[in-house]
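Notes for the one structure printed next.
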Amino acid sequence: MWRDEADGFAEIFKGYLPYYLLVALPIFIIMSPVNPVAASHEFSVYRMQQYDLHSVPHGCRSSSFNLEGRSLTSWSTARHCVVARLQDITIEQFMEIRSKSPALLLVLPKNNTELTVEQKEHIQLLEMAMIQQEMLAPVYFAKWSPEFEDILDDLQHSFITDDKSGTALEAMFNTVSSNGYQIVVTAPAPQKLDSKPVTLHGKLVGRSEARTIVIAAHYDAAGLVPELAQGADSNASGAVAVLELARIFSRLYSSVAVRGAPSLLFVLTSVGHSLNYFATKKWLEEQLDVTDASLLQDVSFVLCLDSISSENLNLHVSKPPKAGGAAHSLRARLNVPVVHKKINLADELLAWHHERFSIRRMTAFTLSSLQSHKEPARNTILDTPSEESLKHLVNNIKVTARALASHIYNLTDEVNDEDATLYDDALDVDEAAVRHWYEYLSSQPRAPHLITTTSQNSGVTGALEKALSRYVDVTMSTHTVDKREPEYVLYSPLRNLLYVYSVKPAVFDLILTLAIVAYLSLVYFAIQMFPKFYEEYAKFVTGKAKVY
């Protein structure tokens, strides 16, 4: 009986079992949790801005890459794309990545309101450093998502560099057991955009057309990432203020009895400080360098509004205001400090909007809550709307409207209660309208890459033209950039798809190959030795049978 059982058991081993093992074990290895390709993800990403200003290149110059992703602490070669949170990377790390890494991917904060003051300041300083540098490698930004958070955590904890490993065996084990990510962006090579900036202007005619007061603002936004440049303070606030002031004074000027003596000219331009106020320059050339320059023939002063949704206001001037002059009169009525800065034509960029008008020998100044044109708040993707900013904007529009009305009608502080009530009612700010336009503009990306390359009658420009035309007859001026010697050039693409593939590092393939070879060798020798094993086993089983 025992011999029969042994023969049956031997037949199984002898005939089939080695082949079952040969086929089954590799399947178990492939289907195990250690899978070389586990998953893939797709994200929308936004490329860092790219433009030329006066033939000087700025920003990111590339758009495609296919590289292995690494964290800030584990990348080491030119074959890695560095992936990090925006708030985690330092300026020193960025400079090193700029010179050595072929790609950079930064994930935006989950919620700007959760950032500390120190983190916001750090991000703004980092943006300034990045804007000032030319990047040959592609730089992309991605919005936060749970999937990206998992990828970041995996990259931070999976890769352990050799210097953090105690032994060579530990280093090899860490490398083999870690998970990697292949990051791919396939995009066309950067192409020049056909930029056609637009200027909107409309006039309220006063009793005496001898003098004109110009109220101007640019409505674009500057930022490191064009698709994320919302510019709630800089300069949605200024554009909203122009619309509301046009509404207020259109009511006053609609009645001959209370119409002011000077005419009021409201101007909205589509290219601001990031491109040296190009649209304002071209508009002034069109208005002044002609035989009939009646629109700007006798300008009393130009008031530019820029970033006015914070508590304290400043009046920026190129020349100290003289006693009895328009700037002195308005400053006294606004009761704000004056910041004097001379125009430096040698600088790449003008400091403030009013300098474009001052160059053409007009009395001009800028009202802003910023103390300096170099403040990073003018060029940050963190410039998003808030209830507090909206409250300050409404209050600052009220202050500006009262100061302008006081100057136009030559009012003093000694006004009787009846007249004071009358003007308070006339100068009342429509908070609902201010909120609507503030939220609308600050929800739209308004980088020059976007608003100067779309149709004039669509998007932000079209919406502003319709809004301003409710109060004044609007003229739309379209400007062209000289293609032979352009003052600036904008580039696309601005948005792409990024694919992230979860993979094992290359050394894992080598280790897996060696393991398979070793396994097959073991199986081969097991098959070769099986007859001898079977003979010894049969003797053992047979011997046991004889005992019984």
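The values are calculated or read from the model by the stated rules, or taken from the named source; none is laboratory data. Please read all numbers here as calculations on a predicted model, not as lab measurements. Every residue, glycine as well, gets a Cβ built from its backbone with ideal geometry; the counts of neighbours run over all protein chains shown. SASA here: full protein model, heavy atoms, side chains in, ligands and nucleic acids out. Shrake-Rupley method; radii C 1.70, N 1.55, O 1.52, S 1.80 Å.
So here's what we get for this one:
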quantity	calculated
Meets criteria (surrounded by 19 or more Cβ atoms within 10 Å (Cβ to Cβ), under 16 Å from the mean Cα position of the chain (by Cα) and among the small types (Gly, Ala, Ser)) for Ala84	yes
Single unsatisfied condition, Pro146 versus (1) at pLDDT 90 or above; (2) surrounded by 13 or more Cβ atoms within 10 Å (Cβ to Cβ); (3) over 24 Å from Ser55 (Cβ atoms)	(2)
Of residues in the stretch 97-118 being touching a Ser or Thr at 6+ places or on another chain (Cβ under 9 Å) and in a helix (DSSP H, G or I), the one nearest to Leu498 (Cα to Cα)	Lys100
Qualifying residue in the stretch 184-201 (condition: aliphatic (A, V, I, L, M), assigned to a strand (DSSP E or B), closer than 30 Å to Leu497 by Cβ and in the same structural domain as Ser64 (by TED's automatic domain parsing))	yes
Selected residue (criterion: most open to solvent (accessible area, probe 1.4 Å)) from residues of the stretch 264-299 that are among the β-branched types (Val, Ile, Thr) and modelled with pLDDT under 90	Thr291
The lone exception for His328 - which of (1) part of a loop (DSSP other than H, G, I, E, B); (2) surrounded by fewer than 19 Cβ atoms within 10 Å (Cβ to Cβ) it fails	(1)
Any hit, the stretch 485-495, residues being hydrophobic (A, V, I, L, M, F, W, C), closer than 30 Å to Leu245 by Cα and touching a Leu at 6+ places or on another chain (Cβ under 9 Å)	no
Filter result for the condition that a residue is farther than 16 Å from Pro197 by Cβ, assigned by TED's automatic domain parsing to the domain that holds Leu284 and open to solvent by 60 Å² or more (accessible area, probe 1.4 Å), over Lys539, Lys466	Lys466
Tabulated pairs, the stretch 376-388, first among the basic types (Lys, Arg), second open to solvent by less than 30 Å² (accessible area, probe 1.4 Å), C-beta under 6 angstrom, 6+ apart or interchain	Arg378/Ser234
Residues within the stretch 247-263 that are surrounded by fewer than 24 Cβ atoms within 10 Å (Cβ to Cβ), among the hydrophobic types (A, V, I, L, M, F, W, C) and either part of a helix (DSSP H, G or I) or not assigned by TED's automatic domain parsing to the domain that holds His392 (or both), tallied	2
Complete set of residues in the stretch 333-374 that are out of contact with any helix residue (DSSP H, G or I) (no Cβ under 8 Å at 6 or more places or on another chain), farther than 20 Å from Ile215 by Cβ and open to solvent by less than 60 Å² (accessible area, probe 1.4 Å)	Lys341, Ser372
Search result, residues across the stretch 202-258 that are basic (Lys, Arg), out of contact with any Gly (no Cβ under 8 Å at 6 or more places or on another chain) and at pLDDT below 95	Arg211, Arg251
Helices (runs of 4 or more DSSP H) fully within the stretch 378-445 counting 3 or more residues that are at pLDDT 95 or above, in the same structural domain as Ile248 (by TED's automatic domain parsing) and within 26 Å of Lys466 (Cα to Cα)	387-408, 431-442
Of the criteria (1) in a loop (DSSP other than H, G, I, E, B); (2) modelled with pLDDT under 95, which one Ser307 fails	(2)
Of all residues making up the stretch 114-134, the number that are under 16 Å from the mean Cα position of the chain (by Cα) and either among the aliphatic types (A, V, I, L, M) or open to solvent by 70 Å² or more (accessible area, probe 1.4 Å) (or both)	10
Some residue of the stretch 158-169 being open to solvent by less than 60 Å² (accessible area, probe 1.4 Å) and either assigned to a helix (DSSP H, G or I) or at pLDDT 60 or above (or both)	yes
Matching residues, the stretch 42-96, being among the aromatic types (Phe, Trp, Tyr) and either within 27 Å of Lys192 (Cα to Cα) or outside any loop (DSSP other than H, G, I, E, B) (or both)	Phe43, Tyr46, Tyr51, Phe65, Phe94
Number of the condition not met by Ala210 [criteria: (1) assigned to a loop (DSSP other than H, G, I, E, B); (2) crowded, with 24+ Cβ neighbours inside 10 Å]	(2)
Any hit, the stretch 96-105, residues being touching a residue at least 40 places away in the same chain (Cβ under 8 Å), of a type in the set (Asp, Glu) and open to solvent by 10 Å² or more (accessible area, probe 1.4 Å)	no
Yes/no for Val302 being among the aliphatic types (A, V, I, L, M) and over 23 Å from Val481 (Cα atoms)	yes
